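Have a look at the structure below, then the notes.
Please treat every number below as a calculation from the coordinates, not as lab data. Note that the structure is predicted; figures quoted are calculated from it, not measured. A quick note on method: Cβ atoms are made from the backbone with ideal geometry, for glycine too, and the neighbour counts reach across all protein chains shown.
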Amino acid sequence: MSLEYSITYKAENTYEESVREAYWQFLIIPEENDSQQFISIDFTNSLDATSEFSINGYGFKTIRVHPKGEFKSIAFEANFKLIKKEINPFDFEPEGDVQKSFEKIQELDFKVDHDTFLKTTDYTLIPEKSKNLFTFDTNQSVFENLRALSSFTHHYIKFNSEATDVYTKLSELLNIRQGVCQDFTHLFCAFARLNGIPARYVSGYLHQGNGYFGDSQMHAWAEAYVPFVGWIGFDVTNNILAGTDHIKIAHGKDYSNCSPLRGVVFSTGKNETVHSVVVSSQDQQ
Amino acid sequence: MVNLENQIFSSYKRNPVLFDEIFDEKGQVKEVYSKLFNLYGEHSINAYVNLNEKAKASFFNQGITFQVYDKKKTQEKIFPFDLFPRIIPPEEWEIIESGSIQRSRALNLFLWDIYHDKKIIRQGVVPMSLISSSANYLDQMVGLNPPGGIYNHISGTDIIKHNDGQYYVLEDNIRCPSGVSYVICNRTALKRALFGVFDHYKTYSVTNYAENLLDLLETVKPKGVDVPNVVVITPGMYNSAFYEHSYLAKTMGVELVEGRDLFVENDFVYMKTIKGPVKVDVIYRRIDDAFIDPLEFKPDSALGVPGLFAAYKKGNVTLANAPGTGVADDKAIYTYMPEIIRYYLNEEPILNNVHTYHCSRPKELKYVLDNIQNLVIKPVDEAGGYGISIGNRLTKKEIEIVKAEILINPRKYVAQPIMSLSVHPTYIDETESFEQRHVDLRTFTVLGKDREFVLKGGLTRVALKRGNLIVNSSQGGGSKDTWVLKT
Amino acid sequence: MLARVANNLFWMGRYIERSEHIARYLRVNYFSSLDAPNQISQSRQFVLRSMLTLVGDPDANKEGSIDEAEVLFKIGLDPNYPSSIINNVRNSRENANSARDLISTELYESINKFYHFISQYDANVYTKNGLDDFTRNVTEMSAILRGKVRSTLMHDEIYAIIIMGANIERATQVMRIISAKYNDALKAQGSYGDKFKNSFEWTTLLKCTESYDMMRRHYKKTPTSITTLEFLILNPNCPRSIMNSLNQVCKHIKILDNKKKYDRDSTSFLVGKVRAEYEFKSIVDIEKDIQLIINDTLNHLYEISQKMEKEFFSY
């Protein structure tokens, strides 16, 4: 069975002073993959500036807007429709031999293959004193360890949408122990990488029919590479595996590779941005 | 013997420990310098001072200057320039030129490899950490094929002559190496001041750099472009190398643009001209990676062009040098250059690398501990000269401390012999006489598709402070015209 | 050519021309006043006020008396006064800097030397007894630059932009000088025969625009308000006249915009229209309301400049 999702993304930017020139780049288009099939995309803005579709440095689809002429406010609206196959996240061949898995991740070829997602970044740097907060149990499979890590992270950090912002680093998070999906995901990735497991930050949409934490904006979760299995999605914020309700846009080393909107705006004075996301679904026969 | 009738050299003091470029160990003028030595000797010190002042004024009037900021006032200064040229005999130049090309080609293949299959790492020739811990490695470049397969179109190789008379490479600069315009200015200034001396030597011209650069940049044009539109991009006129940027654009006959002159539409790059947009195909960029595209890299960069990287990734524009080349001029990579050359080219390195002892290897560790007073100890992961200990300047107590630190974490340290840069007679304003000063040489190599070019000359940099080994212009270094003699 | 660089070259041309006219105005007025036939014209306060008027600062220190050294320093060498000669020269050099790859080495070197000459000029010497030397050097170096522009650059778009900038500025400065001297002439009317029409100020005006000798050769009579204005505004053969400048602008816009198409929104159209207006103007029209023609001309020149900016300098 499949679900048809329809996603509406809105952003509105207002500026105190006239903007002479601006460029925006949106990273909000759902990825096309085995479980996500694209139907339609509709992107408009209030200035009728042309939208250009492009591919960013990490290979994901972006939309760029570069209005001509001065303005003080601009609103964007994107509507996506896609079909998502129903996923059972547990439907995979588990690791056969625990020891083999841990040997695998020590191999040079494995490290070279996954170099990008084994790196520590500014957002995934764990302070020395906290490195032992979570350790892997080599008697358990990598997958079980990752589930345990997800559970640990979920319980260690309390969801609070006011406590952090997009610049929050782990050193601060581990002090206040409150945060949002992005913080949960960074912490999970950091511990996975520390233990030699490639992990990547995923940004996407969450269909909220089932009372999950997330919010009415974008959602974030992690994907970790389990040896002999492949990439598996962990929604750490909700302590579940990513499934049918998780609509992926892009992945990267951390938030900075996946921020939904990047802009260069030549203006003075204050500005304000308001985002909103609505995801709805209907069954497909 | 120094000819005492040679007025301007009458007070020259030769330190026999140092390798002097023009005097041999017995104090005799070397054959290749003898004519020059006699020609300069015909000038009285006063006449020479006069010529020197004129040369300085010429630089100043031409605006070949940089700005110094102090106490709210900006001052314009010229780069110190010495009228006594350095000569490189043909047989030595042959080594330098072929060695520079060899290194540039090896680095290019290395860059291709580490942004594709990473074979050199998989086969254990260089350690993984060299790229995984390098801030200059750009993940965005993985799998991307730069036009013509070239990454380091322009390389600046810093070479010294050690007291054994051999050339050694100290550093490969393959981000935005600068200085080439001074090679040409130095030649011009020397020609204006002392044209007579050129009658006695057959020297290669250095003015062909720009045309060769343009030719080679045109060989790496994007696919489907017939006659490429090449531009030079500069951070702007307040950049200390702006003179060079404008010089290169002018001599290549191409536009000198700033980020705000360009824009990207449908993944093509255009410049804003008085007649509307004009497509740009090849960009010789003098802006660092982090600043070229605020939508992909440093978001607050006002110097770059939003969307430029996407256009590059799509193959619609060539960037020279390619983004991400900086990973290959890290200090840590340098120590592996001999292995890198052998691995990709199956050749022995032509130019010496300063030998590096890796303390992670037990035999080498023992050597380092036993010979620490003759070595420079460097941490592998620190940049900018931090944590460096120079063996012969340490007290006994300090030596013990350094040894202890190495033993705690041998992987963290490498050691190199203490290199001594050769010296060259250099006119010193304060004493109004010639004195020995340390020099190095920066060569400029350009790689194109199946073609390369090395400027026959290069920039001889002089450490103007007595005893100082630092030749960088930011640290008060000067420069000399450099003659490569024809055979 | 890049739009930004074209704009810089345009202004480079303007700033050179501007510093030249200001410098000459200082010199001519100061030295003419020393033995002026009329008491007001001879008054130092009157002359200094006239200088301030030219640079657009007529009301500086309006109540009290103005200090000679202060005024001379302000207009000549004050780095903090935007309209000073030193700032005009600095601006022209900055503009040249950004277009350094396009202009000739010879032109750049001359601009650079010009700037260094001014920035190293001793302010005390200048205000005490260096006014003549300083201003003479400024005007001569400007003349050298004009020569370098003409003889070391290809007569292409780059040249056309610089020449247009220079001519728009020349016309503007000449008109401002006319305006300043017109006002001086109104004020300096004595009780004898030297009424407005035969004011001494007309001679000064001609000297300020380096046109006195030409004018005398042409009219063979002492300048009057009518002959002076006719010469400086309408005579196409006088290289400083408004008419001549407009002709130059008109000629060079055609290098930039060689479209034959009729486009009434283009700079080319506007320039042609303004030029035609002056070509068929007579001194009788001008004499009726001098202030009106001063204002109109300045407005036209401003419009042309704005139009150029829109059409060529901003994309």
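Lysine pair count for the range C:145-233 (Cα-Cα distance under 30 Å; residues 8 or more apart in sequence or on different chains): 19. Counting every other Cβ atom within 10 Å of each residue's Cβ, B:V125, B:V423, A:V274 order from fewest to most as A:V274, B:V125, B:V423. Pair-distance distribution P(r) for the range A:59-203, from all Cα-Cα distances in 5 Å bins starting at 0: 2, 8, 14, 16, 16, 14, 13, 8, 5, 3, 2, 1, 0 percent.
Estimate the FRET efficiency between C:Q189 and C:S282 by the formula 1/(1 + (r/R0)^6), using the beta-carbon distance for r and 35 Å for R0, to the nearest 0.05. Rounded to the nearest 0.05, the efficiency is 0.85. Ordering A:A242, B:N468, A:S51 by Cα displacement along the dipole of the protein assembly as shown toward the positive end leaves B:N468 in first place; charges were set at the Cβ atoms of Lys, Arg (+1) and Asp, Glu (-1).
Remark: spin-label model distance B:K26-B:K412 equals 5.2 nm, labels positioned 7 Å along the Cα→Cβ axis.
For B:S422, the amide hydrogen comes within under 5 Å of the amide hydrogens of B:K161, B:V439, counting only partners 5 or more places away or on other chains and with H modelled in the peptide plane.
Ranking of B:F84, C:F280 by neighbouring Cβ atoms within 10 Å, starting from the fewest: C:F280, B:F84.
Divide the volume of the convex hull around the Cα atoms of the protein assembly as shown by the residue count and you get 229 Å³ per residue.
Between B:K314 and B:E42, residue separation times 0.36 nm minus the direct Cα-Cα distance comes to 91.7 nm.
The label-point distance for B:S205 and A:D48, in a model that sets each label 7 Å from Cα toward Cβ, rounds to 5.8 nm.
Charge dipole of the range B:355-417 (Cα centre as origin; +1 on each Lys and Arg Cβ, -1 on each Asp and Glu Cβ, all else neutral): 140 debye, rounded to the nearest 20. Using a ≥ b ≥ c from the Cα gyration tensor of chain A (square roots of the eigenvalues), is it rounded, prolate or oblate, where a/c under 1.5 gives rounded and otherwise the larger of a/b and b/c decides, a/b for prolate? Taking the square roots of the gyration eigenvalues as a ≥ b ≥ c, chain A is prolate.
Peptide A:59-69 shows a mean partner chain C-beta count of 2 within 10 Å per residue C-beta.
Legend: mean number of C-beta atoms from other chains within 10 angstrom of residue C-beta atoms, peptide C:98-108, equals 5. Computed per residue of chain A from DSSP H runs no shorter than four, each worth -39500 (n - 2.57), the mean residue ellipticity at 222 nm is -5000 deg cm²/dmol. In terms of surrounding Cβ atoms within a 10 Å radius of their Cβ, B:H200, B:H358 rank from fewest to most as B:H200, B:H358.
For a test of understanding, tell me how many lysine pairs in the range A:126-285 have Cα atoms under 22 Å apart, given they are 8 or more places apart or on different chains. Summing the qualifying lysine pairs gives 7.
For the peptide B:291-297, the mean number of other protein chain Cβ atoms found within 10 angstrom of a residue's Cβ is 4. Between the C-alpha center of the range B:29-44 and that of the range C:151-187 there is a gap of 56 Å. Taking amide H as placed 1.01 Å from N in the peptide plane, B:T273 has its amide H under 5 Å from the amide H of B:V278, C:A3, each at least 5 places away in sequence or on another chain.
Extension gain for the segment A:K129 to A:Q178, taken as residue separation times 0.36 nm less the Cα-Cα distance, is 15.8 nm to one decimal. Annotation: peptides B:344-356, C:72-84, A:181-193, C:253-265, ranked by per-residue average of other Cβ atoms within 10 Å with the highest first, follow the order A:181-193, C:72-84, B:344-356, C:253-265. The GluC sites (Glu not before Pro) found in the range C:6-78 that occupy coil by DSSP, while having at most 16 further C-beta atoms within 10 Å, are C:E63.
Working from Cα pairs under 8 Å separated by at least six residues, relative contact order for chain A is 30 percent. Normalising the average separation of contacting C-alpha pairs (under 8 angstrom, six or more residues apart) by the number of residues puts the relative contact order of the range B:58-171 at 15 percent.
Under a model in which nothing but the beta-carbon of Lys, Arg (+1) and Asp, Glu (-1) is charged, the range A:97-218 shows a dipole of about 160 debye around its Cα centre.
Given R0 = 60 Å, the distance between the Cβ atoms of B:Y238 and A:F90 translates into a calculated FRET efficiency of 0.50. Summing charges over all other residues whose Cβ lies under 15 Å from the Cβ of C:M154, with Lys and Arg as +1 and Asp and Glu as -1, gives -1. The modelled label-to-label distance for the pair B:K403/B:E432, using points 7 Å beyond Cα in the direction of Cβ, is 5.3 nm. Distance from the C-alpha centroid of the range B:364-435 to that of the range A:223-285: 50 Å, rounded to the whole angstrom. For the protein assembly as shown, the Cβ-based charge dipole about the Cα centre amounts to some 2980 debye (Lys, Arg positive; Asp, Glu negative; other atoms uncharged). Using the alpha-carbon atoms, what tilt in degrees (0 to 90, nearest 10) does helix A:142-156 show relative to the longest principal axis of chain A? Helix A:142-156 sits at roughly 60 degrees to that axis.
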